[in-house]
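One structure is given here, and the rest of the page talks about it.
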Amino acid sequence: MVILKQTKEKTMVKIEIDYEGELRCHSVHISSGSTLTTDAPLDNQGRGEGFSPTDLVATAYGTCMATIMGIVAKSRKTSLSGLKLSVTKEMSSDLPRRIAGLAIEIHMPLAEDHVDSKSLKEAALNCPVRHSIHPEIDVSITWYWA
């Protein structure tokens, strides 16, 4: 059964989370059945055997940028084969514990003067996760063009 509710303004997706103990959670994306396990990081009492919740925020930012660029590229029949992103997450040293910074590197398989480069860059910079990130998080984005 797919749990997906769409209204005029929003789409809702249900994710169920079970706490397994020892700072580990198992999550299920209900509409697809995909699963994900998170662990607390080593520097916060965890085992660090998987993505931490804040790692997922960093991952979401990078994958959202790539996905939105992919949508634009697909509509323009432009290949992004070879596109690579890396995201480095920095945690705060004070309390409350939080993401202090994200450094994103985008390695584009296209030249900067490509006809679609401006549209692709604009798409990445306007992905939904970017608009969901707290403005106090220091985000730096570096582009590398072929």
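Observations on the structure shown:
- Residue list for region 71-97, restricted to those being touching a helix residue (DSSP H, G or I) at 6+ places or on another chain (Cβ under 8 Å) and charged (D, E, K, R): R76, K89, R97
- The set of residues in region 10-25 that are touching a Gly at 6+ places or on another chain (Cβ under 6 Å) and of a type in the set (V, I, T) is empty.
- Of all residues making up region 94-108, the number that are surrounded by 15 or more Cβ atoms within 10 Å (Cβ to Cβ) and not in a strand (DSSP E or B): 1
- Search result, residues across region 66-93 that are in a helix (DSSP H, G or I), of a type outside the set (G, A, S) and within 20 Å of D113 (Cβ to Cβ): M69, V72
- For region 21-52, the set of residues classified as in a strand (DSSP E or B) and either in the same structural domain as K89 (by TED's automatic domain parsing) or under 28 Å from T88 (Cβ atoms) (or both) consists of R24, C25, H26, S27, H29, T35, L36, T37, T38, D39, listed by residue number.
- Residue check, L80 more than 24 Å from S132 (Cα to Cα), touching a Pro at 6+ places or on another chain (Cβ under 7 Å) and of a type outside the set (S, T, N, Q): yes
The values are calculated or read from the model by the stated rules, or taken from the named source; none is laboratory data. None of these values were measured; they are calculated from a predicted model. Ideal geometry is used to build each Cβ from the backbone, glycine not excepted, and the neighbour counts take in all protein chains shown.
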